[in-house]
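The values are calculated or read from the model by the stated rules, or taken from the named source; none is laboratory data. Keep in mind the model is a prediction, meaning the values are calculated, not measured. Here Cβ is always computed from backbone atoms with ideal geometry, including for glycine, and neighbour counts include all displayed protein chains. Accessible surface is based on the protein model in full, side chains and every heavy atom, while ligands, DNA and RNA are left aside. Shrake-Rupley method; radii C 1.70, N 1.55, O 1.52, S 1.80 Å.
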Amino acid sequence: MSSEKPVMIEFKDVHKYYGDYHALRGINATIRAGEFFSLLGPSGCGKTTLLRTIAGFEGISSGAVMIGGEDMADVPANQRPTNMVFQSYAIFPHLTVEENVGFGLRKDPRSKAEKAKAVEDALGMVGLKGFGARAAHALSGGQRQRVALARALILKPKVLLLDEPLSALDKKMREQMQVELIKLQRQVGITFILVTHDQEEALVMSDRIAVMFEGQIAQLADPETLYRRPASRKVADFIGTMNFLPAKILNEAGSKVEVDAQGFGKITLDGAQVMSAEGSEGGATVGFRPETLTILFDGQTGSDFESEAVVEEVVYYGDMTYYDIKIKGCDTAVRLSMRNVFGRPVLDIGTKTRVAWSAGALVLFR
Amino acid sequence: MAQTAATKSNLPARAAPKQRSEAASGLLMVSPTAIYALLLLAAPLITIFTYSFLTDGYLTVELTPTIGSYVEAWTNEVYRVVMLRSLGVAMAVTLVTVVLAFPIAYYVSFYVEPSRKSLWLFLITIPFWTSYLIRVFLWKVILGFNGVVNSGLLGLGIIDEPLTFILYNTNAIVITLAHAYAPFAILPIFVALEKIDRSFLEAGRDLGESSFVTFFRVTLPLAMPGVISAVMIVFIPTIGDYVTPHLVGGPEGKMVANLVQVLYLKLDNYPLGSALAVSSMLLVGLVLVMATMQLAIFGYVFKRIAGQTQLILAIFTALAAAQALLAVVIALWLVTGNAPLTVVLGTAVHVVALLALRRKRSAL
């Protein structure tokens, strides 16, 4: 997607120890200029630590962090071309909004009037025009976040670091800010690095995502690849919902693999659909997303494969309905989702129906 | 939706009687303390206040109202000198204590491991296990002519004869009181520093400031509530301290409390003693008001310009702005030569200056 753009940040085999605790275990990655990059993982996976090594708040035990081709080992936090939006926003409570936004301009050679103009512009950019004289402690959570953004962006950093910036906001505000952040990133065109534990947020906002577990990057890919072709069972479990059915490998010919999946029967999968079984117990499994399975209503015909099934549970979401269904020949129920388009009924528990799927939507973990 | 609204409208009706009974039980709970405070704090104060306006007869107090005692307290050279000295000593003690306490509080808050902080605070309070009187006596032993300091320095050959400026004068009072009140200054500053979200300091660094400048632009302003508490907690009791000046102050080190004691118990002049006590209370109050306002003006000016210029320049400009008010007070003193007038006018000037700044700020 952005492979032509120059490299902005490069991690070279970064390790970090806290005493005996191995927090970062050999991080290798490159982040390109102008990219919206997310570090995604459960709490304690090292994503915030990794972000703080970019900002310069955490040293590293070995390896190198490069920004713009320059090794940052001896560059203190206050001299790095990065700015951060903190999880708590860290809006100085003793200063007004404009004093907060202008905090980093002390050594700026521009005149006082020009700086005031810059502050006003930065506030305008985040939709807080006219808020300059307000006391920082009188702001709402969303406004604080905007002030934090303006305060960082006014310094024109090469990289903006965002440490779970949306986690303190309510759902509606969060969704609104996601869109605004994307727009803002396109507008200023600099690299954004977002730390989040919310997979949906990462999928919505990012150009590329690094999924981290236990101090390592488990997969680094664009959102679609991450969702459709998770590199391991563990990543698949973390991103969205995935159904797993036990499978037997029958035949391997070249890059093709023929499997017998419970309930699905014999299917031939492409090499690109074969992933690591890391994070699963037992043998090989076949995984698929709820929306890749379709209920065949009257008169519809299936795609590659179809089978009989019974509805065991119905969860109605308004725009979507989630069904737990048991496919003939399966031990456990699987989840599928149907969009509630006009004229489509919501099935009751116990309804016998037919479901269809296609081989391309499956992933084999072994 | 309708159901929620109904529930909401029901809430106050149900909550109100409960709240009343809560208020009643609350009053009941504080009443022993309130009665205690009323009897042992308010009543004596009112008594002293009343006494100060009565006339002194020989061995008796006559009920003729007068302000003669106040005129005497504010014009007689002896009382004026002692009041000024008390003020000076209390200011010096406050300055020394707070300036020395800050680094200790800072160290414990920022550098001591969280699990060890309680231990450190505990150690800081250990001197309090000894009686105040004994601690003051020990300072006599330490500072005396043949004391620990002098014999130590003599033994090391650093001095040829014992130092005399460290005992039986105001220096000794300052040293002793600064030690005695150290924990009272350390604890509020420590609490204020503990409350500072560490991400504020990281934000300061992230926005391009060195640790040193971040300290002045972020840490210190946020620690100010603690510093102000420390100033008050040290200044108010030290100005009225009795034991320390009595024991280590010598003849030149008498403070207001000593004079009040002499007037009450030796000269049997209750009205003048009371007037002096009330006057020093007034003085403490007004000085604190002035100090707070100077600090507010310093903070206001500093914040305004700290983001624009060199740190040192910002500090000095703010200091100059605050001290301009002090200069007004000194000028008033020199021109009028009248202590009460100086204090009252000086306070008025401070209040006006602060109100003017407030107005300007809200206009912005």
- [ ] Give me the compactness ratio for region B:178-300, meaning the Cα radius of gyration over 2.2 N^0.38 Å.
- [x] 1.46
TODO: Name the residues whose placed amide hydrogens come within less than 5 Å of the amide hydrogen of residue A:320, ignoring near sequence neighbours (fewer than 5 apart) on the same chain.
DONE: A:340
Task: Potential extension, residue B:282-residue B:41 segment - 0.36 nm per residue separation minus Cα distance - done: 85.1 nm
- [ ] Measure off 7 Å from each Cα along the Cα-to-Cβ vector at residue B:33 and residue A:224, then give the distance between these two points in nanometres to one decimal.
- [x] 6.7 nm
Task: Residues of region A:266-306 with amide N under 19 Å of the 7 Å Cα→Cβ point at residue A:249 - done: A:266-288
- [ ] Evaluate the charge dipole of region A:7-228 about its Cα centre and quote only its size in Debye, nearest 20, assuming +1 on the Cβ of each Lys and Arg and -1 on the Cβ of each Asp and Glu.
- [x] 720 debye
TODO: Could you grab the relative contact order for chain A? Cα pairs under 8 Å, six or more apart, rounded to a whole percent.
DONE: 15 percent
Open item on the list: Give me the net charge for the shell around residue A:83: Cβ to Cβ below 12 angstrom, other residues only, Lys and Arg +1, Asp and Glu -1.
Closed with: +2
Task: Eligible lysines near residue B:195 by straight Cα distance, threshold 19 Å, same-chain separation 8 or greater - done: B:117
TODO: Read phi for every residue in region A:95-108 and hand back ³J(HN,Hα) as whole Hz from Karplus 6.51 cos²θ - 1.76 cosθ + 1.60, θ = phi - 60°, with x for Gly and Pro.
DONE: 10, 6, 4, 5, 5, 5, 5, x, 3, x, 8, 3, 8, 5
Task: Hits among lysines - C-alpha to C-alpha of residue B:140 under 29 Å, sequence gap 8 or more where chains match - done: B:254, B:266
Open item on the list: Is there a quick way to get the dipole size of region A:231-366? I mean about its Cα centre, with the Cβ of Lys and Arg at +1 and of Asp and Glu at -1; what is the value in debye to the nearest 20?
Closed with: 100 debye
TODO: Write down the accessible area per residue of region A:231-366 in Å², having rolled a 1.4 Å probe over the full set of protein chains.
DONE: 50 Å²
Task: Solvent exposure, largest accessible area first (probe 1.4 Å, DNA, RNA and ligands not counted), of A:125, A:338 - done: A:125, A:338
Task: For the pair B and A, total buried accessible area rounded to nearest 100 Å², probe 1.4 Å - done: 2400 Å²
Task: Using distinct alpha-carbon pairs, which all enter the 1/r mean, Kirkwood radius of the protein assembly as shown in Å - done: 32.6 Å
- [ ] Using only atoms on other chains, find how many Cβ atoms lie within 10 Å of each Cβ of peptide A:98-109 and report the average.
- [x] 5
Open item on the list: I need the chymotrypsin sites (Phe, Trp or Tyr not before Pro) found in region B:117-210, filtered to DSSP loop residues with at most 14 other beta carbons within 10 Å of theirs.
Closed with: B:145, B:165
Open item on the list: Please check: in the Gaussian network model of chain A (C-alpha springs, under 10 Å), which one of A:187, A:145, A:199 has the largest mean-square fluctuation.
Closed with: A:187
Open item on the list: Counting other C-beta atoms within 10 Å, and keeping those with at most 12, which DSSP coil GluC sites (Glu not before Pro) do you find in region A:272-329?
Closed with: A:281
Open item on the list: I'd like the Karplus ³J(HN,Hα) series for region A:124-131: coefficients 6.51, -1.76, 1.60, θ = phi - 60°, whole numbers in Hz, and an x wherever there's a Gly or Pro.
Closed with: x, 4, 9, x, 10, 4, x, 8
TODO: Taking 7 Å along the Cα-to-C-beta vector as the label spot, tell me the residue A:187-residue B:99 distance in nanometres, rounded to one decimal.
DONE: 5.0 nm
Open item on the list: Can you give me the distance in nm between label points at residue A:13 and residue A:30, each placed 7 Å from the Cα along the Cα-to-Cβ direction?
Closed with: 1.8 nm
Open item on the list: Under 5 Å between amide hydrogens, which residues at least 5 positions from residue A:305 or on another chain qualify, with H placed 1.01 Å from N in the peptide plane?
Closed with: A:357
- [ ] Determine one quarter of the surface area of the Cα convex hull of region B:33-363, which equals its mean projected area, and express it in nm² to one decimal.
- [x] 23.0 nm²
Task: Net charge of Cβ neighbours under 9 Å - reference residue B:303; Lys, Arg +1; Asp, Glu -1 - done: +1
TODO: Just the number, please: carbon plus sulfur as a percent of the accessible area of the protein assembly as shown, 1.4 Å probe, no ligands or DNA/RNA counted.
DONE: 62 percent
Open item on the list: Taking R0 as 41 Å, what FRET efficiency do you get between residue A:200 and residue B:320 from their Cβ-Cβ distance, rounded to the nearest 0.05?
Closed with: 0.15
TODO: Among the listed pairs A:5/A:117; A:112/A:158; A:158/A:234; A:129/A:183; A:172/A:326; A:16/A:234, give every one whose C-alpha distance is greater than 26 Å.
DONE: A:5/A:117; A:158/A:234; A:172/A:326
Open item on the list: For chain A, set up a GNM with springs between Cα atoms under 10 Å and report which of A:263, A:287, A:19 has the largest fluctuation.
Closed with: A:19
Open item on the list: Taking 8 Å as the Cα distance limit and 6 or more residues as the minimum spacing, I'd like the relative contact order of region A:231-366 as a percentage.
Closed with: 29 percent
Task: FRET E, pair residue B:60, residue B:262, Förster distance 25 Å, beta-carbon r, rounded to 0.05 - done: 0.85
TODO: Compute the long axis of helix A:171-188 from its Cα atoms, compare it with the longest principal axis of the Cα atoms of chain A, and write down the angle in degrees, 0 to 90, nearest 10.
DONE: 60 degrees
Task: Long-range HN-HN contacts of residue A:269 with modeled amide H, under 5 Å - done: A:257, A:258, A:259
TODO: May I ask you to evaluate 6.51 cos²θ - 1.76 cosθ + 1.60, the Karplus curve with θ = phi - 60°, for each residue of region B:100-105 and list the ³J(HN,Hα) values in order in whole Hz, giving x for glycine and proline?
DONE: 7, 6, 4, x, 5, 4
Open item on the list: Just to be sure I understand the interface: list residues from region B:289-326 that lose 30 Å² or more of accessible area between the chain on its own and the complete protein assembly, 1.4 Å probe.
Closed with: B:303, B:304, B:307, B:308
Task: Most mobile of A:181, A:40, A:50 in a GNM of chain A (Cα contacts under 10 Å) - done: A:181
Task: Binned Cα-Cα distance frequencies in chain A - 20 Å width, integer % - done: 25, 47, 25, 4
